[in-house]
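First comes the structure, then the notes that go with it.
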Amino acid sequence: MSTPLKVLIVGAKFGELYLNSFLDEQPGLQLAGLLANGSTRARTLANAFGIPLYTDIDQLPEDLDIACVVVRSAIVGGVGGQLTGNLLRRGLHVIQEHPVHPDEIARHQQLAAGLGRHYIVNSFYPHTEAGRCWTRSAQRVSQLLDGQKPQLAQLTTSRQLLYSSLDLLLQAMGCELAEQVSVSLVDRDADFHTLSLNLPDSRVLLRLQSWMNPDDPDLHSLVMHQLNLAWSSGYLSLDASYGPVNWTPALHTDSHGDDRQTLYASTAHYLERATALPLHPAAIHWRSAHEIEGPAGVGWLLQRMAAHIRGEPVEAGLSDRYQLALARLWQETLRCAGPAEQRSVTPPRLIDIEQLRAEV
């Protein structure tokens, strides 16, 4: 067997989900260390996974192959970009967690190419099983309809999750569209801005949350990811970040105008068709999302990185050109929407299933 590629995780907060990708076997890969600031959390994680904890880049061994930089980039006030550049110069291939400014992506892509390394921005949610199911299903519907584009496309999300939402949308509709989109503002209200993503032959309606909580910017999304694509044959929906993915077929029968039979005496085949088809279930709870579904997406991307290192072709959604175009569209969409309102809010009242089932 060939020597496994050694993987370094950089960052001990969201980086925990990257570490969790090694709870399952990763063929051809070896978890080799954690680079973090030495916090109690970092020490606990390194001990739990049985790996070295490094607190300075100069401490790293020379035999590492891949680094996952899970530290905020410069555009959101972090040093992830600086770390990425330094690790590329040390000869590592790098996966950098999103969001990343397009100028930073361009610099890293140029640096990686000059050093013969691979560099990928991970927008995370498109690589989960639910995200890949959504993308594959959309592409399959279009294929079955002889290349027909959706007649309706809409997405709702927050500022924090716009980057990954645009990636989910474009990988479903066609990565080549990323360079062809213009953005215009349609409307504003108290909680959402409505924007139009204008494509050559269609448009996408985007509802973008207009505010963020400065005290806790990672939370308080009114909607995290919700996407819908509709064709004459039905509509495809990604209802939440980790699923479910559903296909709702159009209701149609050629005998609709035939008044000779009642419904319960009818032999029409359309009555036996499902009203909706679940293609992928939702994660059962947030622990599962953080320990299974999210990490499995990271594992999938690590395997793709390993394949690229072996010389296999790069998928359209991971190509340099597409990733740079996606970041530019994200930047232009935020520019068009205008600055987010800073709004301090109280924690939401949580409603569980038993409350919903209770009689009014």
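Within region 209-234, how many residues are surrounded by fewer than 21 Cβ atoms within 10 Å (Cβ to Cβ) and either outside the structural domain of A172 (by TED's automatic domain parsing) or part of a strand (DSSP E or B) (or both)? Of the residues in region 209-234, 6 are surrounded by fewer than 21 Cβ atoms within 10 Å (Cβ to Cβ) and either outside the structural domain of A172 (by TED's automatic domain parsing) or part of a strand (DSSP E or B) (or both). Under 9 Å between Cβ atoms, at least 6 apart or on separate chains: pull out the pairs that start in region 292-303 with a residue that is at positive phi and part of a helix (DSSP H, G or I) and end on any residue that is surrounded by 22 or more Cβ atoms within 10 Å (Cβ to Cβ) and not aromatic (F, W, Y). Going by the 9 Å Cβ cut-off, there are no qualifying pairs. Of the residues H280, H290, H256, the single one that is over 22 Å from S137 (Cα atoms) and modelled with pLDDT of 95 or more is H290. Farther than 22 Å from H290 by Cα, outside the structural domain of D218 (by TED's automatic domain parsing) and at pLDDT 95 or above, is that true of A113? So A113 passes the test. Taken residue by residue, region 128-148 has no member that is hydrophobic (A, V, I, L, M, F, W, C), in the same structural domain as Q82 (by TED's automatic domain parsing), in contact (Cβ under 8 Å) with a residue 40 or more places away in the chain and surrounded by 18 or more Cβ atoms within 10 Å (Cβ to Cβ). Restricting the search to region 198-208, which residues are of a type outside the set (S, T, N, Q) and either exposed (fewer than 15 other Cβ atoms within 10 Å of the Cβ) or within 19 Å of R188 (Cβ to Cβ) (or both)? Listed by number, the residues that qualify are P200, D201, R203, V204, L205, L206, R207, L208. Screening region 63-109 for residues that are touching a residue at least 12 places away in the same chain (Cβ under 8 Å) and acidic (D, E) and picking the one that is surrounded by the most Cβ atoms within 10 Å (Cβ to Cβ) gives E97.
Listed here are the residues, each with its yes/no results for (1) in contact (Cβ under 8 Å) with a residue 24 or more places away in the chain; (2) more than 20 Å from L279 (Cβ to Cβ); (3) among the basic types (K, R).
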{"position": "R159", "(1), (2), (3)": "yes, yes, yes"}
{"position": "R203", "(1), (2), (3)": "yes, yes, yes"}
{"position": "P214", "(1), (2), (3)": "yes, yes, no"}
{"position": "Q226", "(1), (2), (3)": "yes, no, no"}
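Take the residues in region 316-360 that are part of a loop (DSSP other than H, G, I, E, B) and touching a Phe, Trp or Tyr at 6+ places or on another chain (Cβ under 9 Å), then tell me which one is modelled with the lowest pLDDT. Don't jump to the end; show me each part of the working.
Applying the first criterion (part of a loop (DSSP other than H, G, I, E, B)) to region 316-360 yields 319, 338-340, 343-352, 358-360.
Still in the running and touching a Phe, Trp or Tyr at 6+ places or on another chain (Cβ under 9 Å): 340, 343, 345.
Working: A340: 95, R343: 95, V345: 92.
Taking the candidates together, the pick is V345.
Does region 161-208 hold any residues that are in a loop (DSSP other than H, G, I, E, B) and more than 23 Å from R136 (Cβ to Cβ), and which are they?
We begin by selecting, within region 161-208, every residue in a loop (DSSP other than H, G, I, E, B); these are 174, 181, 189-191, 199-202.
Listed by number, the residues that qualify are D189, A190, D191, P200.
Among all positions in region 104-115, there is no residue which is in a helix (DSSP H, G or I), within 26 Å of G28 (Cα to Cα) and among the charged types (D, E, K, R).
Within the group L219, L199, L236, which residue is of a type in the set (A, V, I, L, M), over 15 Å from L166 (Cα atoms) and out of contact with any strand residue (DSSP E or B) (no Cβ under 7 Å at 6 or more places or on another chain)? So that I can check it myself, show each step before the final result.
Numbers: L199 fails: over 15 Å from L166 (Cα atoms); L236 fails: out of contact with any strand residue (DSSP E or B) (no Cβ under 7 Å at 6 or more places or on another chain).
Going through L219, L199, L236 in turn, just one is of a type in the set (A, V, I, L, M), over 15 Å from L166 (Cα atoms) and out of contact with any strand residue (DSSP E or B) (no Cβ under 7 Å at 6 or more places or on another chain): L219.
State yes or no: is E16 part of a helix (DSSP H, G or I) and under 23 Å from the mean Cα position of the chain (by Cα)? Taking the combined requirement at face value, the residue satisfies it. Exactly one residue out of A130, A138, A153 is small (G, A, S), within 14 Å of L238 (Cβ to Cβ) and part of a strand (DSSP E or B), and it is A153. Under the condition of being over 26 Å from G116 (Cβ atoms) and within 28 Å of the chain's Cα centre (by Cα), the residues counted in region 54-86 number 5.
The values are calculated or read from the model by the stated rules, or taken from the named source; none is laboratory data. Since we're looking at a predicted model, the values are computed, not measured. Counting neighbours? That spans all protein chains shown, and the Cβs are built from the backbone with ideal geometry, glycine included.
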